[in-house]
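The values are calculated or read from the model by the stated rules, or taken from the named source; none is laboratory data. None of the values given here were measured: they were computed from a predicted structure. Virtual Cβ from ideal backbone geometry, glycine too; neighbours counted across all protein chains shown. Surface accessibility is based on the protein's heavy atoms, side chains included, excluding ligands, DNA and RNA. Shrake-Rupley method; radii C 1.70, N 1.55, O 1.52, S 1.80 Å.
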Amino acid sequence: MNVNEKIRVFCKLYLGYAAIAAFCIMYVMTSFVELTPTGKSVPMILADGLMAFAFGMGIASMFKTQGILTGKREPEVIAASEEHGRVVEAIVEADDLEELGAWCDRENKKNYRVQRSMILSRAGMVYHECFTDEGAVKAYEPLPLIEGKDIRSRLIRFRQKRVEKMRFKAYIKAVTLRLTELSPGELMSEGGRADDPFYMGRGVGEYRKQTAASDAMGKVVTSVVLGYYGVTLVAGFSPSALIWIIVQVIFFSVMGVLKYNGAFSYVTEEYRERRIKKTRYLKKFRNEGMRKEEAYGNDA
């Protein structure tokens, strides 16, 4: 087992416990200091707060990035990504992208029909009352109310109005239903452009051009801050001040560990399941195409 593998295993098994221990140590250390107003001016308070904010955001970002990278190195995540890549490559090699688009449209229409039917059935309605076979919306047709002014007719009419209200509510919900739709770009790509599956990534020139503005802005801000502020040795070094800084570092580190665990869990669970689902739909498309080809062959 190499060093990186040992670090990955340690983080996976013990990082959460280390964060709990650090949090407990931080709480114990607060007994050595007392929270009192610092007496600093508003600009100094803002500067210290900005520095703490930048440090906290930086630590959280680094832990989150590390959690994602570590999660992507997990065997089950690698296996899911490789399987998805193999299926995508097979579809591209077979030049089936156009057929995949038509298949996605059929699956989307089928899903809308099923979900809308379920919504309407709860109100005692059927799909064809509200939609055509192609999925176009029909005008709502209310049920006729019973006539009459006697007590029995009024009671029946009251119940009919309640049912009618429920029916109309189900009709509106079914008509305005919005579902996540399958598309070739979304199924075939991951981490690129869903609407442009042949996008190869940024070239060196494009990367330099896109990062030039952010680099320049960062240099300007850094130059202004470093030009305005200088550093001097703290007069009358205070152990309590050091303890308070250590407490803050531990606090931000613990928050960073939580970000790490969250990112790691996302990659190994949600992201992995996302790749598996895409692979499952692509395999379903390929299997249906193969069955059709076999049927045509048998007919011939």
Task: Given (1) touching a Lys or Arg at 6+ places or on another chain (Cβ under 8 Å); (2) modelled with pLDDT under 90, index of the condition LYS161 fails - done: (1)
TODO: Evaluate the range 174-184: report whether one residue or more is open to solvent by 40 Å² or more (accessible area, probe 1.4 Å), more than 33 Å from the chain's Cα centre (by Cα), farther than 30 Å from LYS283 by Cβ and without any contact (Cβ under 8 Å) to a residue 40 or more places away in the chain.
DONE: no
Task: Checklist (1) under 28 Å from the mean Cα position of the chain (by Cα); (2) of a type outside the set (Val, Ile, Thr); (3) modelled with pLDDT of 85 or more applied to GLU190, failing item - done: (3)
TODO: Evaluate the following for GLY124: is it touching a helix residue (DSSP H, G or I) at 6+ places or on another chain (Cβ under 9 Å), closer than 24 Å to LEU177 by Cα and free of Cβ contacts under 8 Å to residues at least 40 places away in the same chain?
DONE: no
